[in-house]
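K.L.:
Please read through the structure below; I'll follow up with questions.
The values are calculated or read from the model by the stated rules, or taken from the named source; none is laboratory data. Small disclaimer: the values here were computed from a predicted structure and weren't measured. Methodologically, a virtual Cβ is constructed for each residue, glycine included, from the backbone with ideal geometry; neighbour enumeration extends over all protein chains shown.
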Amino acid sequence: MRGVREYREDLADGVSVRGYLHSPEGGPSDGLVLTHGAGANCNAPLLVALAEGLCASGLTVLRCDLPFRQVRPGGPPPRGSAERDQQGLRAAVEAVRRQLPGRVFLGGHSYGGRQASMLAAAEPGLVPALLLLLSYPLHPPERPDQMRTAHFPELRTPALFVSGVRDGFATREEMEAALRLIPARTELVSVAGAGHELMTKKNRDAVVGLIIEAFRSFAMS
């Protein structure tokens, strides 16, 4: 039965999974763990819209809060939180895998996507099928000398990148060059007129449709 329910799970190592589970009609399926950027939470409009759309297309989606957001309702992640946030993503993937017979994918927006890619590079067997990386923060705005690509040569998971053409964290040319560092299959989808947030009220349906179509095509190829 299709629906959305709050998801909470406390694990023995002190890591907690917090979020919302979107279940499609027709029972168990492939699944996606989807998380947020540095200034948001799992209720970010982009995550909600994508979870609803992907669920309607038959995918189980867990949109979850990273550990830093579970203890800090606002503001960016504190220095040194990356390892703990990656532990939270690992726990979320394992939680979804326990419930589904199919593949489990991992994705996130901005900071969340970066943590997902770093986790996948360190643990290639965790999500071998696909990463969905929305607005990957390739470098801080106006600081192209500070590239966040050190782990790219170790990334063996196929990765679908979605980036706005007006994103201050990466130009299309910079993204294309960075993706050549990744030994796995990659694809870059550019969203015309979009900035780092990708989605606005005006472009909501178009952006969500574009991402879902690209995701389904990439996952099936």
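K.L.:
For residues in the range 96-121 being assigned to a helix (DSSP H, G or I) and more than 16 Å from the chain's Cα centre (by Cα), which is surrounded by the fewest Cβ atoms within 10 Å (Cβ to Cβ)?
P.N.:
Arg98
K.L.:
Do we have Asp205 as out of contact with any Lys or Arg (no Cβ under 6 Å at 6 or more places or on another chain) and either closer than 30 Å to Pro124 by Cβ or in a loop (DSSP other than H, G, I, E, B) (or both) here?
P.N.:
no
K.L.:
While we're here: Identify, please: which residue in the range 13-47 is of a type in the set (Val, Ile, Thr) and more than 17 Å from Tyr111 (Cα to Cα) and is, among those, modelled with the highest pLDDT?
P.N.:
Val17
K.L.:
Okay, next question. Quick one: Leu34 ticks every box in (1) over 24 Å from Leu119 (Cβ atoms); (2) touching a helix residue (DSSP H, G or I) at 6+ places or on another chain (Cβ under 6 Å); (3) outside any helix (DSSP H, G or I) except a single one, so which number is it?
P.N.:
With respect to (1) over 24 Å from Leu119 (Cβ atoms); (2) touching a helix residue (DSSP H, G or I) at 6+ places or on another chain (Cβ under 6 Å); (3) outside any helix (DSSP H, G or I), Leu34 is out only on (1).
K.L.:
So, of the residues in the range 126-149 that are exposed (fewer than 15 other Cβ atoms within 10 Å of the Cβ), under 25 Å from Ala40 (Cα atoms) and not polar (S, T, N, Q), which turns out to be modelled with the lowest pLDDT?
P.N.:
Glu142
K.L.:
Return yes when Arg69 is surrounded by fewer than 23 Cβ atoms within 10 Å (Cβ to Cβ) and not hydroxyl-bearing (Ser, Thr, Tyr) and no when it is not.
P.N.:
Values: surrounded by fewer than 23 Cβ atoms within 10 Å (Cβ to Cβ): no; not hydroxyl-bearing (Ser, Thr, Tyr): yes.
Judged against the criteria, Arg69 is not a match.
K.L.:
Can I ask one more? List every residue pair whose Cβ atoms sit under 6 Å apart, with the two residues 6 or more apart in sequence or on different chains, where the first one lies in the range 97-112 and is among the small types (Gly, Ala, Ser) and the second, anywhere, is part of a loop (DSSP other than H, G, I, E, B) and modelled with pLDDT of 95 or more.
P.N.:
Gly102/Asp30; Ser110/Gly37; Ser110/Ser135; Ser110/Pro137; Gly112/His36; Gly112/Gly37
K.L.:
Right, another one. Look through the range 5-53, keep the residues that are free of Cβ contacts under 8 Å to residues at least 24 places away in the same chain and more than 18 Å from the chain's Cα centre (by Cα), and return whichever of them is farthest from Asn203 (Cα to Cα).
P.N.:
First, pick out the residues of the range 5-53 that are free of Cβ contacts under 8 Å to residues at least 24 places away in the same chain: 5-6, 8, 10, 12, 14, 27, 43, 48.
Adding the requirement that they be more than 18 Å from the chain's Cα centre (by Cα) leaves 5-6, 8, 10, 12, 14, 27.
Details: Arg5: 27, Glu6: 28, Arg8: 32, Asp10: 37, Ala12: 42, Gly14: 40, Gly27: 31 Å.
Among residues in the range 5-53 that are free of Cβ contacts under 8 Å to residues at least 24 places away in the same chain and more than 18 Å from the chain's Cα centre (by Cα), the one farthest from Asn203 (Cα to Cα) is Ala12.
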